[in-house]
1. Name the shape class, rounded, prolate or oblate, that the alpha-carbon gyration tensor gives for the chain, where a ≥ b ≥ c are the square roots of its eigenvalues, rounded holds for a/c under 1.5, and otherwise prolate holds if a/b is larger than b/c and oblate otherwise.
2. List every residue whose amide H lies under 5 Å from the amide H of Gly113, counting only residues 5 or more places away in sequence or on a different chain, with H placed 1.01 Å from N in the peptide plane.
3. For Leu150, enumerate residues with amide H under 5 Å from its amide H, sequence gap 5+ or separate chain, H modeled in the peptide plane.
4. Which one, Ala56, Ala108, Ala89, has the greatest fluctuation when you compute a Gaussian network model over the chain with C-alpha springs under 10 angstrom?
5. Can you tell me the relative contact order of segment 64-135? Whole percent, Cα pairs under 8 Å, sequence separation 6 or more.
6. Going Cα to Cα from Lys90, which aspartates and glutamates come in below 14 Å? Please leave out same-chain ones fewer than 8 positions away.
7. Please list the non-local residues whose amide H lies under 5 Å from the amide H of Val58, H modeled 1.01 Å from N, same-chain partners needing a gap of 5 or more.
8. In nm, to one decimal, how far is the modelled label at Asp24 from the one at Ile131, with both set 7 Å along Cα→Cβ?
Amino acid sequence: MVSLTRTSSDHPDFRLLIELLDQDLWQRYPHTQESYLPFNVIKLDAKVVVAYVDGAPVGCGCFRDTGQSGIVEIKRMYVKEGARGQGVAKKVLQALEAWAVEEGKGRAILETGTNQPEAVSLYGKLGYEVIDRYEPYVDNDNSICMGKTLSYSYQS
């Protein structure tokens, strides 16, 4: 059973999962990952969700305000390899979306990459559509930016 916890970016389980995410991204994008480092820093005001199975942290994600009216950016989505394929990422993303709606937000955007087909597939299944690349990803051919209008109804 997956349980979700809302927390902040300084939570130790979130930090642990982010280290694993960064290792995964370095393997997927060995020649370009260094250029992403400045964009992957998560500030303390980010809204974080950590997923647990049997008390162990297995997945995470967060969102931050973009500064554009009603729009949040989903960041740092990750599920540990052994927990993939069990709906953890879907639950984390839906929890983030619900939290954003509670905060009065009506749209979510995100950036993923060409070497993350499983992420692109998941986002597409959950209603995200490819949009124009936004800053700082405009000139990055490895980036795929997606967006979705948020609503109050979520399926389990």
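1. It is rounded, given that a/c, with a ≥ b ≥ c, falls under 1.5.
2. Ile144
3. Those qualifying (amide H under 5 Å, at least 5 residues apart or on another chain) are Arg107, Ala108.
4. Fluctuation is largest for Ala56.
5. It comes to 33 percent, rounded to a whole number.
6. Excluding near neighbours in sequence, the set is Glu118.
7. So Val58 has HN proximity to Ala51, Tyr52, Val53.
8. Between Asp24 and Ile131, the simple spin-label model gives 2.3 nm.
The values are calculated or read from the model by the stated rules, or taken from the named source; none is laboratory data. What you see is a predicted model, and the numbers here were worked out from it, not measured in a lab. Cβ coordinates were reconstructed from backbone atoms using ideal geometry, including for glycine residues, and neighbour counts include every protein chain displayed. In case anyone asks, the SASA skips ligands and DNA or RNA and just uses the protein heavy atoms, side chains included. Shrake-Rupley method; radii C 1.70, N 1.55, O 1.52, S 1.80 Å.
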